[in-house]
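Below: one structure, written as structure tokens.
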Amino acid sequence: MTKNDSFWDLYWEMRLKPMENLGKRDAILAVSDLIRLIAPQVDHPLRLLELGCGEGQIIGTLLEAHAQLCSCERSVGVDYDARSVAQCRKDFPGFGCIEGDITDRDLLASLGKFDIVLLVNALHEVFSDSYSTELGEIDVAAGKQRVKQAVGSAAGCLEPGGWLVLFDGLEPAGDPQQNLRIRFRDLDVRQDFEKFVEQYQPFHITYRQNEDPLCV
Ligand SMILES: C[S@@+](CC[C@H](N)C(=O)[O-])C[C@H]1O[C@@H](n2cnc3c(N)ncnc32)[C@H](O)[C@@H]1O
């Protein structure tokens, strides 16, 4: 199969299109390429581990599509959200989905070794979990430390020569301190913005009123 082949187009139309995208298609296509690249280089079906697997749409899809190259029974997903784990087990009963914290080194060390370890759109949440009530926003140093630890533990789950796949497409590029000028479509949208600023916890957002009521 090639990257743009009809298989993935059809699969996307039939199974995955309704789900929130957030770059999932790109992640799935890239790992699909990787699986086909490395499968001939090893003498066993590939074992996949997805940390922060949610409902299993990434790892489940890849295992379904590459059943002949991967070992479903020896692949694992981990997530600390009980509802997502339950949904994952229902939708993709072929592989083990464990409820647990991916920053727990002992848990990760107990899982064994894998040919591909995936972290797809999960690391930004590991970072955000370092929200400090004292600071009223994320403790950035603690968040970075947590991410470092999670990546280190994930790398520890790799077979020699294994691949760690990091994909986090939610944060826009650029300097978060940079001022932005925002124009709202109408006053309702502006009100939504004010509500968002009030409720968004990870960072303080400040804005200055412009003469134009539709601009900040
Ligand atoms: C945006 S979702 C992505 C899910 C999946 N990787 C995908 O792309 O479909 C992030 C997932 O990471 C999980 N997560 C975040 N921090 C975690 C942690 N410390 N331990 C386990 N799961 C975590 C969340 O519960 C959530 O299901």
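The values are calculated or read from the model by the stated rules, or taken from the named source; none is laboratory data. Remember, it's a predicted structure, so these values are computed and weren't measured experimentally. For neighbour counting, all protein chains shown are included, and Cβ atoms are generated from backbone atoms with ideal geometry for every residue, glycine included.
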List pairs: first in region 114-132 and on the phi > 0 side of the Ramachandran plot, second in a loop (DSSP other than H, G, I, E, B), Cβ under 6 Å, 6+ apart or cross-chain?
Asn121/Leu22; Asn121/Asp168
Residues being assigned to a loop (DSSP other than H, G, I, E, B) and within 14 Å of Val78 (Cβ to Cβ): count how many of those fall in region 96-129.
9
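Every residue in region 69-106 that is basic (Lys, Arg) and more than 18 Å from Val117 (Cα to Cα), please. Step through it out loud before you land on a result.
Restricting attention to region 69-106, the residues satisfying the condition of being basic (Lys, Arg) are 74, 83, 89-90, 105.
Once the filter is applied, which keeps residues that are basic (Lys, Arg) and more than 18 Å from Val117 (Cα to Cα), region 69-106 yields Arg83, Arg89, Lys90.
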What do you reckon, is Val147 aliphatic (A, V, I, L, M), in contact with a strand residue (DSSP E or B) (Cβ under 9 Å, 6 or more places away or on another chain) and either away from the ligand (no atom under 16 Å from the Cβ) or under 16 Å from Thr103 (Cα atoms) (or both)?
no
Identify, by number, the condition in (1) more than 9 Å from the ligand (Cβ to nearest atom); (2) surrounded by 13 or more Cβ atoms within 10 Å (Cβ to Cβ); (3) of a type in the set (Val, Ile, Thr); (4) over 24 Å from Leu37 (Cα atoms) that Thr133 doesn't meet.
(2)
State yes or no: is Asp101 of a type in the set (D, E, K, R), more than 9 Å from the ligand (Cβ to nearest atom) and without any contact (Cβ under 8 Å) to a residue 40 or more places away in the chain?
no
Report whether or not Tyr80 is within 12 Å of the ligand (Cβ to nearest atom) and in contact (Cβ under 8 Å) with a residue 12 or more places away in the chain.
yes
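Take the residues in region 43-77 that are of a type in the set (A, V, I, L, M, F, W, C) and assigned to a loop (DSSP other than H, G, I, E, B), then tell me which one is nearest to the ligand (Cβ to nearest atom).
This residue is Cys53.
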Only one of (1) aliphatic (A, V, I, L, M); (2) modelled with pLDDT of 95 or more; (3) more than 29 Å from Lys148 (Cβ to Cβ) is not met by Ala65, so which one is it?
(2)
Taking the condition of being outside any strand (DSSP E or B) and among the hydroxyl-bearing types (Ser, Thr, Tyr), how many residues in region 130-171 meet it?
3
Checking Lys144, Lys113 in turn, the sole residue that is charged (D, E, K, R), surrounded by fewer than 17 Cβ atoms within 10 Å (Cβ to Cβ) and within 18 Å of Phe167 (Cα to Cα) turns out to be Lys144
Only residues in region 40-62 that are charged (D, E, K, R) count as the first member; pair them with residues that are within 7 Å of the ligand (Cβ to nearest atom) and not in a loop (DSSP other than H, G, I, E, B), Cβ under 9 angstrom, at least 6 apart or cross-chain, and list the lot.
Glu50/Ile58; Glu50/Val78; Glu50/Asp79; Glu50/Val120; Glu55/Asp79; Glu55/Ser84
Test: Leu123 is within 10 Å of the ligand (Cβ to nearest atom) and under 30 Å from Gln199 (Cα atoms):
yes
